[in-house]
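The values are calculated or read from the model by the stated rules, or taken from the named source; none is laboratory data. The structure presented is a predicted model; accordingly, all values stated were derived computationally and were not measured. Neighbour counts run over all protein chains shown; Cβ positions are idealised from the backbone, glycine included. Heads up: the accessible areas ignore ligands, DNA and RNA and are worked out on the full protein's heavy atoms, side chains in. Shrake-Rupley method; radii C 1.70, N 1.55, O 1.52, S 1.80 Å.
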Amino acid sequence: MRAFTLTRPDDWHLHLRDGALLRQVAPFSAAQFKRALVMPNLRPPLTRVEQALAYRARILTAVPKASGFEPYLSLYLTAATPVKEVAYASRFPEILGFKLYPAGATTHAEAGIERLESVYPLLEAMERHDLVLQIHGEVTDPEVDIFDREKIFIERELIPIIKRFPNLRIVLEHLTTQEGVEFVLSAPATLAATITAHHLLYNRNALFAGGLRPHHYCLPVPKREPHRQALLRAATSGNPKFFLGTDSAPHLRRDKEAACACAGCFTAPIALELYAEAFSQAGALDKLEAFASFHGADFYRLPRNRETVTLAPASWSVPEVYTGEGGEIVPLRAGETLGWRLIPNPYSDSSSSFSNSSNSSSRSGGSPS
Ligand code: DOR
Ligand code: ZN
């Protein structure tokens, strides 16, 4: 295993939250990625252009200037979104599309879509104005087993959308199933998918390993091992339909270690290290750069980045908890060893390449009290 250098990657699916939590977590993503598509599931949701632009300004004040981090936004699609908002959004290069949450599917998805037909005029406008539809692809029908919700969403909802809007570019976010992989492969070039690091590394056993593991709980839930294998094959295939989206979704420790734990894995501080681990286990490190740095930019018709980053073999422990002004956040792999390290990653070691005096994020190793 040797250190290797790749074009600086982008994260095409990220949750940064707002306020103190935003200020705490955004620097981690800025240290790892050049660009990110930031999700709009805030409270209240970011349904309008002006809200998204104001949020973008807050993100920019939360990251070190020297990082050169560029946030892009997706607007939260609702049945009440005026059709003219689509044309308006298309005038802003920072806004890449709209996010479709089936109502109640996940964190802050209450304002999402009940009946897909209700947003057909909006999808038609997006198709016309060439905005991308990002989809949380799970049905919310409580009769449907949680492990089947992605597969059924594809059958019931996604196929009709693709048929009706053949020129609408769609990203099926955080893909988790073999059926999903096969569907994306068989669909026209207008359909692509993001894949998280945690779905590449864990199957559903991780949720129950030695006890209930809330820090492995995310949506869509990880599936059986053959699904993880299918995701790994897709990510490492070199096929441009698959690209990196961490879905890093920070929740405060007290909201994760709770009777009704929130969904989301916080992976931002170690995202590239996790992807490197998955690709290296698959013997496909040579495929990481295209997946992490080219395919997403190409799909979104943005230039590829020019800077580079280096990943080096290293044995180091992930902090047990990240403590900052937002509170305590337990990352995926807390207290465990990683075999790769982004050089330099100012938040994973003591050497700092870009520092920001207003950045209050801090790491703390050892056991939290
Ligand atoms: O695990 C998840 N967490 N999945 C999502 O779809 C949303 C996210 C969040 O915002 O917490
Ligand atoms: Zn998400």
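Tabulated data for the structure shown
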quantity	calculated
Close Lys-Lys pairs in the chain, where close means Cα under 22 Å and separation is 8 or more or interchain	15
Mean Cα-pair separation over length for the chain, i.e. relative contact order, pairs under 8 Å, 6 or more apart, %	20 percent
Compactness of the chain, expressed as Rg and Dmax over alpha-carbon positions, Å	19.1, 55
Helical contribution to [θ] at 222 nm, DSSP H n ≥ 4, -39,500 (n - 2.57), averaged over the chain, rounded to 500	-7500 deg cm²/dmol
Cα lying deepest toward the dipole's positive end in region 9-307, options His216, Ala125, Pro40, charges on Cβ	Pro40
HN-Hα J in Hz across region 213-229 - Karplus 6.51, -1.76, 1.60, θ = phi - 60°, x for Gly and Pro	10, x, 6, 9, 7, 8, 10, x, 5, x, 9, 5, 3, x, 6, 4, 4
Gain in span if fully extended, Ala3 to Glu325, counting 0.36 nm per residue against the direct Cα distance	112.5 nm
Three-way shape label, region 214-287, alpha-carbon gyration tensor, a/c 1.5	prolate
Amide H within-cut-off set for Leu252, under 5 Å, with H built and near neighbours excluded	none
Charge-dipole axis of region 9-307 as Lys and Arg at +1 and Asp and Glu at -1 on Cβ define it, positive-most pick from Thr140, Leu274, Thr190	Leu274
Stretch in the chain that is longest and holds no trypsin sites (Lys or Arg not before Pro) that DSSP places in a loop and that have at most 12 other beta carbons within 10 Å	116-300
Extension gain from Arg128 to Lys287, taking 0.36 nm per residue of separation minus the Cα-Cα distance	53.9 nm
nm² value of the averaged projected area, convex hull over the Cα atoms of region 1-103	8.2 nm²
Acute angle (nearest 10 degrees) that the helix 49-62 long axis makes with the longest principal axis of the chain, alpha-carbon atoms	10 degrees
Over region 86-186, volume per residue of the alpha carbon convex hull, in Å³	108 Å³
Separation of alpha-carbon centers, region 138-179 and region 199-250, rounded to whole Å	17 Å
Estimated distance in nm for a label pair at Asp298 and Glu117, the labels positioned 7 Å out from Cα along Cα-to-Cβ	3.9 nm
His295 accessible area, assembled protein chains, probe 1.4 Å, Å²	10 Å²
With Cα atoms, 0 to 90° folded angle of helix 271-281 axis to the chain main axis	90 degrees
Check: region 9-307 dipole with +1 on Lys, Arg Cβ and -1 on Asp, Glu Cβ, in debye	600 debye
Top of Ala234, Ala57, Ala89 by mean-square fluctuation, Gaussian network on the chain, Cα under 10 Å	Ala57
Exposed-loop-free span, longest in the chain, where GluC sites (Glu not before Pro) count as exposed if DSSP calls them loop and at most 16 other C-beta atoms lie within 10 Å	144-256
For Ala290, net neighbour charge (Lys/Arg +1, Asp/Glu -1) across residues whose Cβ lies under 15 Å away	+1
